[in-house]
Every structure is written in structure tokens, then in C-alpha cells.
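Scroll down for the structure; my scribbles are underneath it.
Any read-out appearing in this document is the output of simple, stated calculations on the displayed coordinates, not a laboratory observation. Predicted model, so just to flag it, every value in this text is computed and none were measured. Glycine gets a Cβ as well: all are built from the backbone with ideal geometry, and neighbour counts include every protein chain shown.
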């Protein structure tokens, strides 16, 4: 008596692979758009949390704190333009020179490397002049709009009011 071999034939396997490949081509673009929107939302959330943290610590420490953009690889000074794609630092800036001096404390360093992920983050102007500073009462005089976008598509805005309230949206009108 002959035994029947269990399994798939080569033809059945090729049909299954072609069906999976066809479904993947239809799903790839929506998945890519989803992940891009998710990255933008997470970046906005991280930035809002950094802003809230800076304000809270300024009040707790009764000291001026600064949140500013950094140049990749240089963590002791604020960037001198409106690009936030490399990340940011939060530090005490007692002498208000926008540089982390030996007697000042670096509280947070947040590296981003957004350009490697195809994202950019810029502010609408040079912010005050190089970042956002909170005084011991948690007050900042900064009002700005940051835009986060991909090289090819969606753009989201982070609006910062004078009271350091943060709002994300699809429009630059704050």
C-alpha cells in the first residue's frame, strides 16, 4: 500500500506567496503613513513633556531653567538657529548666557537624530533668542510655533503660548 505524502505542492506554495505579496503591496502605504503620523505625534508629546518638566523644575528649584535645541554631539551650549532636529537640553542657566557652565546643572539631554528618520523640526523664529527660559515662578515670555514634518508629506504644528501651554494641530495658527 502506498503512503500519501502530506504537505503543500510547489504550485500551492507559489500561489500562497503571490497572494501574500499582493496583500502586502496594498497595505504598505497605509502602514507607512500610520507610522509617520505616529512618529510625529510621539515627537510632539515628548516635546510637550519636556516643556512641562522644565517649567515644573524651575518652580521646584526656584531657579531659572532653560530648554534649548542642541547641535548633535555638543551638549553644553544652545543652538543658534531654529532647528530642533538633533534634540534638546534642559539646564540651569544662572548667568543667562545659553551655555552650560561648570557651576550649572544639566538636567536632561534628549537626542533625536530626526534627519535619519526623514523628519524635521523647526521653530517659526529664533526662540527668545535661542530657546525657552522659565523663571522661578514658572513664567516664560516665549510664544512660538514649531513645525514637525516629513520630507514628503504631513506637517504638524506645536503651538506654545506665553504661559507655556502646548497644543498640537494641523494649522500654524495658535
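Key figures for this structure:
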read-out	value
Computed label-point distance, nm, for sites residue 94 and residue 19 using a 7 Å Cα→Cβ extension	7.1 nm
Approximate spin-label separation residue 12-residue 59, in nm, with each point projected 7 Å along Cα-to-Cβ	6.7 nm
Order by protection proxy (mean Cβ within 10 Å, highest first), peptides 23-35, 60-72	60-72, 23-35
Gain in span if fully extended, residue 170 to residue 52, counting 0.36 nm per residue against the direct Cα distance	40.3 nm
Average silhouette area of the chain, convex hull of alpha-carbon atoms, in square nanometres	15.8 nm²
D_trans [Stokes-Einstein, Kirkwood Rh over alpha-carbon pairs] for region 46-90, 37 °C, 0.692 mPa s, µm² s⁻¹	295 µm²/s
Ordering of 140-146, 108-114, 85-91 by burial proxy (mean other Cβ atoms within 10 Å per residue, highest first)	85-91, 140-146, 108-114
C-alpha long axis of helix 10-61 to longest principal axis of the chain, angle in °	10 degrees
Among 9-19, 94-104, the order from most to least packed when residues are scored by Cβ within 10 Å on average	94-104, 9-19
